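Presented below is the structure to which this report refers.
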Amino acid sequence: MSEQRYGEWVAVRRDGFVAELVLDRPKAMNAVSSEMARCIAAACAALSEDRDVRAVVLTSTHERAFCVGADLKERNSLSDAEMLRHRPVSRAAYTGVLELPMPAIAAVHGFALGGGFELALSCDVIVADPTAVVGLPEVSVGVIPGGGGTQLLPRRVGAARAAELIFSARRVAAAEAHELGLVDRLAAEGEDRAEALELARGIAANSPVGLRAAKKALRLGQGLDLRAGLEVEDAAWRTVAFSGDRAEGVAAFNEKRSPSWPGE
């Protein structure tokens, strides 16, 4: 396993075809400051360009928190002009996770609130353990979810449910979060990271060309009517139908062996 640091608080660990994007600001429960946002964006940019990465797992080193959201201590010290300058930096972090071209899984335990939950929502799948507490409490401090929450949450749970959760600013414990679809899998306590990595390794055994095309079709097709969505799917199919991965996958199936994906 190799590790590369992006600033003081973000790391990327590589193990085969799986990369772990690690939030590592334990003294602040991974609160996202301007500097941490820059580092998340930089790590995501590097991962997006790495053709050998087939799945990403977003994790935390803090025992009691995935991420508590924006660094409100820093925000409290910013002038209006500084807040405006900070906004593109903050958005780049969430957009970086959201636009990862390969499947991304969040491993959540403890608090995942505000921007922390938005980082998880930016992933394709959320694995949580029973200690997880999620929510978008921004209206309780006079703002709104600004890392994608008002758009990503209703796509998961529907408009009315998202409205209730955002307007009430309430925190949701793991069992209810799973029941409502706020998280996708419940792992045993302390096993969220291990289960997410196991899921990622299973995903990474599949065609990297197929995985990226399938994610693109899923993302671009959201919100479209069925006819338009099928056109998105067809365009994605055409990108893989004549690929080396498709040829290898069919050959491996017929020869009853594991495929060796060329990744192109």
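Tell me, what % of the accessible area of segment 195-264 is carbon and sulfur with a 1.4 angstrom probe? Within segment 195-264, the accessible surface is 58 percent carbon and sulfur. By a 1.4 Å probe calculation restricted to protein chains, Thr150 has an accessible surface near 50 Å², given to the nearest 10. A helix-only calculation puts the chain at -15000 deg cm²/dmol for mean residue ellipticity at 222 nm, using -39500 (n - 2.57) for each DSSP H run of at least four residues, averaged over all residues. A P(r) calculated from all alpha carbon pairs of segment 61-202, with 10 Å bins opening at zero, reads 12, 43, 34, 10, 1 percent. Taking every protein chain into account, the accessible area of the chain amounts to 50 square angstrom per residue (probe 1.4 Å). A Cβ-based charge dipole, computed about the Cα centre of the chain with Lys and Arg at +1 and Asp and Glu at -1, lands at about 320 debye. Relative to the Cα centre, the charge distribution of segment 3-150, modelled as +1 at Lys and Arg Cβ and -1 at Asp and Glu Cβ, gives a dipole magnitude of about 180 debye.
Please tell me the relative contact order of the chain in percent, rounded to the nearest whole number, where contacts are Cα pairs under 8 Å and at least six residues apart. Please list the in-between numbers first.
Working: 501 pairs, mean separation 40.3, N = 264.
Relative contact order here is 15 percent.
Which FRET efficiency value, to the nearest 0.05, do you get for Leu180 and Asp50 by plugging their Cβ-Cβ distance into 1/(1 + (r/R0)^6) with R0 = 30 Å? According to the calculation, E is roughly 0.30. Rounded to the nearest 10 degrees, the angle from helix 208-221 to the longest Cα principal axis of the chain is 50 degrees.
Taking a cut-off of 14 Å, what percent of all Cα-Cα pairs in segment 212-264 are separated by more than that? Intermediate values should be presented prior to the final figure.
Values: 793 of 1378 pairs.
For segment 212-264, the fraction of Cα-Cα distances above 14 Å is 58 percent.
Note on Lys216: accessible area approximately 130 square angstrom, rounded to 10, probe 1.4 Å, nucleic acids and ligands left out. For the chain, the longest principal axis of the C-alpha atoms and the axis of helix 34-49 are separated by about 0°.
Apolar share of the accessible surface for segment 18-143: 55 percent from carbon plus sulfur atoms, 1.4 Å probe. Dividing the mean sequence gap of close Cα pairs (under 8 Å, 6+ apart) by how many residues segment 1-128 holds gives a relative contact order of 26 percent.
Measuring only protein heavy atoms, the 1.4 Å probe finds Arg5 accessible over about 100 Å².
The values are calculated or read from the model by the stated rules, or taken from the named source; none is laboratory data. If you're wondering where the values come from, they're calculated on a predicted model, not measured in any experiment. Positions of Cβ are generated from backbone atoms using ideal geometry, with glycine treated the same way; all protein chains shown enter the neighbour counts. What goes into the accessible areas is simple: the full protein's heavy atoms, side chains included, and nothing from ligands, DNA or RNA. Shrake-Rupley method; radii C 1.70, N 1.55, O 1.52, S 1.80 Å.
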